[in-house]
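Handing you a structure now.
Just so you know, all these numbers are worked out from the coordinates, no wet-lab data involved. As the structure is a computational prediction, the values presented were derived from the model and not from experiment. We place every Cβ from the backbone using ideal geometry, glycine too, and count neighbours over all the protein chains shown.
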Amino acid sequence: MSKIVILGAGISGHVAASHLRRKLSKEHEVIVVSPNTNYQWIPSNIWVGIGRMKSEKILFPLAPLYKKKGIGYKQAKALSFYPEGDKDEQKPYVLAEYVTGEKQGQREKVTYDYLINATGPKLNFEATEGLIPGKNKTYSVCTYTHADHAWEGLNEVIQQMKAGKKAKILIGTGHAKSTCQGAAFEYILNVEQELRKHNVRDMAEVTWISNEYRLGDFGMDGMLMSYGSMTMKSSEMVEMIFEDRDIKWILGAGVNKIEDGIAYYENLEGEHKSETYDFAMLIPSFSGHGFKAYDKNENDITEKLFKGFMVVDADYTPKPYEEWSVKDWPETYQNPTYKNIFAPGIAFAPPHTISKPRKSKSGTDIFPAPPRTGMPSGITAKLVADNIIDSIKNGKESLKHKGSMGNMGAACIASAGFGMTSGSGVSITTFPIVPDYEKYPKTQGRQLGKTFGEIGLAGHWLKLALHHAFIYKAKMRPFWWLIPE
Amino acid sequence: MTQRISKYQRFKMMNPIIQFFKFIYLSIKIMIVVAGGHGGTRKVN
């Protein structure tokens, strides 16, 4: 009998738990440890943030589902890792603290045979002074509660515009090394469309602010893509959309301080500037959770498990951008020291960024961190689950399932406006996610045809269809496993 | 505002009939890209 503990119940943790439970017999224990009450389908937060979808539509409680499916569930947060156990406990364990109910505040040693760390990122708002969701007129759409607040803030500004007051709207990244430009891109297009629907578009100045060097970088160094019968750069496609919608842009901007209605930033020229606004949605930087790890004698071994995020089978040797290789990226998400620990999704430490690192003239790093969206999070979680299942069934370590982001496709269906007949979406796929300049030297490291973009109403339908399909899958309804990650 | 998308392009982007077929096409194409397999990048000795 094996005991598999999964930390986190986001896309990655939930996918791993559901596949493990489906494929392993009941003699094996599958336990999820998460401080969250609900599962949330994060990609639809965009629509919550414009008031077109209630947050209840994108979430469901975890406890009843896990009870029904025979998955253990501890509503607790992980505090520290003991991969060798300690003087009193022979088995490896994670120290967790319950966050709710009768056991609130109690700590428990959660022992395991296999550990999947799917804790995702910490939303590091503190890294930018004054960037607090719901304060200083800044908002976030990173969680459903943030998105609810964002809609309240946006609606207030829309009502002011209806009363005749002009407004400035600023959307993008809130730190020099933020990622998730795609989410901000979706949000700015949705907000712009909402302003038109409310007949106040002419009252608003809408501005994109980002740490990207070029538009359409998305933390992936941009893309060369098929667009209809043409081949165009993602920067050209985004520029076309922004110009068409009268959205201004500020690039190479490392936002470092927020005051009430003012965003201060440094640009790549080393200039310190500011931008005023009446409503801002700025994505924070992501960081690890600051977990500590100890050996059986309680010596600190954090560096064996964490480099901010969790250390896995990536090549972390520091090297210049020109020497980066697709082979640097992990394939199995296994910790090299403790082979029974895995970190799929956003929890693993990337070997480096995907976008070219750039410094301002005064030495500040200003470039996007690598994005890891829902699709690769799901795929990597499933392959980790499959390797654990094989290892248990074969009685020896099996790592035959591999999935490097350098040999994996991803789709980003960016909503560009909500509405069954008036909606729009920018559908982008990329293969591979991390460019492979050896395989595709003439097309910026990616395969044309499999890397393409489309704009139109079908994109909105597609995003809506994915919303329903993935919530169905997450609820583990009949034949849920037929829906791919 | 600079009109970068022509009226004809916009018509095609927003026409429900054209977009219905585009929806089918995109669904299949995306499925091929993302469910078409994944693997490692390092050679095994």
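Please identify the trypsin sites (Lys or Arg not before Pro) of segment A:285-381 that satisfy two criteria: DSSP loop assignment and at most 11 other Cβ atoms within 10 Å. Which are they?
Values: sites: A:K292, A:K296, A:K304, A:K307, A:K327, A:K339, A:R358, A:K359, A:K361, A:R372; in loops: A:K296, A:K339, A:R358, A:K361, A:R372.
Of the trypsin sites (Lys or Arg not before Pro), the ones in loops of segment A:285-381 whose Cβ has at most 11 other Cβ atoms within 10 Å are A:K361.
Could you calculate the FRET efficiency of A:T337 with A:M1 from 1/(1 + (r/R0)^6), where r is the beta carbon distance between them and R0 is 25 Å, rounded to 0.05?
Numbers: r = 25 Å, r/R0 = 1.00.
That gives a FRET efficiency of 0.50.
Okay, next question. Can you count the Lys pairs in segment A:355-450 with C-alpha separation below 24 Å, eight or more apart or on different chains?
14
Label A:E152 and A:L79 with points 7 Å out from Cα along Cα→Cβ: what is the distance between them in nm?
A separation of 3.2 nm, rounded to one decimal place.
Once amide H atoms are built 1.01 Å from N in the peptide plane, which residues 5 or more positions from A:V99, or in another chain, come under 5 Å H to H?
It is A:A76, A:K77, A:G105, by chain and number.
Mind checking which of A:V99, A:P83, A:F60 is farthest towards the positive end of segment A:49-106's charge dipole, using Cβ charges of +1 (Lys, Arg) and -1 (Asp, Glu) about the Cα centre?
So the residue furthest toward the plus end is A:F60.
When averaged across all projection directions, what area in nm² does the alpha-carbon convex hull of segment A:270-377 cover?
Values: hull surface 39.9 nm².
Reported value for the Cα convex hull: 10.0 nm².
Which whole-Hz couplings ³J(HN,Hα) result when phi for each residue of segment A:461-466 is put into the Karplus expression 6.51 cos²θ - 1.76 cosθ + 1.60, θ = phi - 60°, listed in order with x for Gly and Pro?
So the J values, rounded to whole Hz, are 4, 4, 5, 5, 5, 5.
What span do the alpha-carbon atoms of segment A:49-94 cover on each of the three principal axes, reported in whole Å from largest to smallest?
54, 27, 11
What value, in deg cm²/dmol to 500, does the helix sum -39500 (n - 2.57) over DSSP H runs of n ≥ 4 give at 222 nm once divided by the residues of the protein assembly as shown? Before the final figure, lay out each step's value.
Details: 11 runs with 142 residues, N = 530.
Helix-only estimate at 222 nm: -8500 deg cm²/dmol.
Around A:G403, with a cut-off of 11 angstrom between Cβ atoms, what is the net charge of the other residues, counting Lys and Arg +1 and Asp and Glu -1? It would help to have the intermediate numbers written out before the result.
Working: positive: A:K382, A:K402; negative: A:E331, A:D386, A:E485.
Here the charged neighbours net out to -1.
Let me ask something else about it. Report the one residue of A:N394, A:G51, A:G308 whose Cα lies farthest in the direction of the positive end of the charge dipole of chain A (charges on C-beta: Lys and Arg +1, Asp and Glu -1; origin at the Cα centre).
Farthest towards the positive pole: A:N394.
Under 5 Å between amide H atoms, partner at least 5 residues away or on a different chain: which partners does A:I250 have, H built in plane at 1.01 Å?
A:W208, A:I209, A:S210
In percent, what relative contact order does segment A:117-257 have, based on Cα pairs under 8 Å that are 6 or more apart in sequence? Walk me through the numbers on the way to the answer.
Working: 187 pairs, mean separation 33.2, N = 141.
Answer for segment A:117-257 is 24 percent.
Just in segment A:436-470: which trypsin sites (Lys or Arg not before Pro) are loop by DSSP and have at most 16 other Cβ atoms within 10 Å? List each step's numbers first, then the result.
Working: sites: A:K439, A:K442, A:R446, A:K450, A:K463; in loops: A:K439, A:K442, A:R446, A:K450.
Those that pass, being in a loop and sparsely packed, are A:K439, A:K442.
Would you mind computing the Rg to Rh ratio of segment A:212-303 from its alpha-carbon coordinates, Kirkwood style for Rh? Don't skip to the end; give the middle numbers.
Working: Rg = 19.9 Å, Rh = 16.9 Å.
Reported Rg/Rh (Cα atoms, Kirkwood Rh): 1.18.
A further question follows. Give the lysines reachable from A:K166 as a straight Cα distance under 26 Å; neighbours fewer than 8 places away on the same chain don't count.
Result set, ordered by chain and number: A:K135, A:K137, A:K197, A:K248, A:K257, A:K273.
What Kirkwood Rh does chain B have if only Cα atoms enter the pairwise 1/r average? Answer in Å.
This gives a value of 13.8 Å.
Could you tell me which residue out of A:S355, A:G459, A:A410 lies farthest along the dipole of segment A:340-459 toward its positive end? Charges go on the beta carbon: Lys and Arg +1, Asp and Glu -1, centred on the Cα centre.
A:S355
Can I ask one more? For segment A:222-268, with only Lys/Arg (+1) and Asp/Glu (-1) charged at the beta-carbon, what is the dipole magnitude about the Cα centre, in debye rounded to 20? Please list the in-between numbers first.
Details: 4 positive and 8 negative charges, 34 e Å.
With only Lys, Arg, Asp and Glu charged at Cβ, the dipole is about 160 debye.
If you plug each phi of segment A:290-301 into the Karplus form 6.51 cos²θ - 1.76 cosθ + 1.60 with θ = phi - 60°, what whole-Hz ³J(HN,Hα) values come out, in order, with x for Gly and Pro?
x, 5, 10, 10, 9, 7, 5, 9, 6, 7, 5, 10
Follow-up question, since we're still on this one. Taking every eigenvalue of the Cα gyration tensor of segment A:151-258, multiplying by 5 and rooting it, what semi-axes result, largest first, whole Å? Can you show the working numbers first?
Details: eigenvalues 137, 63, 20 Å².
For segment A:151-258, the semi-axes come out at 26, 18, 10 Å.
Can you tell me the dipole magnitude for segment A:63-209 around its Cα centre, using point charges on the Cβ only (Lys, Arg +1; Asp, Glu -1), in Debye to the nearest 20? Show your work: numbers first, answer last.
Values: 21 positive and 18 negative charges, 78 e Å.
Computed charge dipole of segment A:63-209: roughly 380 debye.
Another question, then. Please give, to one decimal in nm, the separation of the simple spin-label points placed at A:E397 and A:K248, each 7 Å out from Cα toward the Cβ.
Result for the modelled spin labels: 5.6 nm.
Are there trypsin sites (Lys or Arg not before Pro) in segment A:142-250 that DSSP puts in a loop and that have at most 14 other Cβ atoms within 10 Å, and which ones? If you can, show how the numbers build up before the last one.
Details: sites: A:K162, A:K165, A:K166, A:K168, A:K177, A:R196, A:K197, A:R201, A:R214, A:K233, A:R245, A:K248; in loops: A:K165, A:K166, A:K177, A:R214, A:R245.
The qualifying sites are A:K165, A:K166.
Moving to a separate point now. On a straight-distance basis, which aspartates and glutamates could pair with A:K74 in a cross-link, Cα separation under 18 angstrom, same-chain partners fewer than 8 positions away excluded?
A:E29, A:E97, A:E102, A:E108, A:D113
Mind giving me the FRET efficiency for B:I17 and B:K43? R0 is 51 Å, r the Cβ-Cβ distance, nearest 0.05 is fine. List each step's numbers first, then the result.
Working: r = 49 Å, r/R0 = 0.96.
Step by step, r from the Cβ atoms, then E = 0.55.
Mind listing the long-range amide H neighbours of A:E259? Cut-off is under 5 Å, sequence gap 5 or more, other chains count too, H placed in the peptide plane at 1.01 Å from N.
When sequence neighbours closer than 5 places are left aside, the close amide H contacts are A:Y264.
I've got another one for you. With 16 Å as the cut-off, how large is the P(r) tail for segment A:419-479, expressed as percent of Cα-Cα pairs? Intermediate results must be reported in sequence, preceding the final value.
On the way: 1104 of 1830 pairs.
Taking all Cα-Cα pairs of segment A:419-479, the fraction more than 16 Å apart is 60 percent.
Thinking of the protein assembly as shown as a set of Cα atoms, what percent of all their pairs are more than 33 Å apart? Spell out each step's value before the answer.
Numbers: 55274 of 140185 pairs.
Result: 39 percent of Cα pairs exceed 33 Å.
I would also like to ask the following. So what J values fall out for segment A:106-116 if you push phi through Karplus, 6.51 cos²θ - 1.76 cosθ + 1.60 with θ = phi - 60°, rounded to Hz, Gly and Pro as x?
Along segment A:106-116, the couplings run 6, 9, 9, 8, 8, 7, 8, 9, 10, 10, 10 Hz.
At a Cα cut-off below 19 Å, give the aspartates and glutamates reachable from B:K29, other chains included and same-chain residues fewer than 8 away excluded.
Of all the aspartates and glutamates, those that pass the test against B:K29 - Cα under 19 Å, at least 8 places apart if same chain - are A:E454, A:E485.
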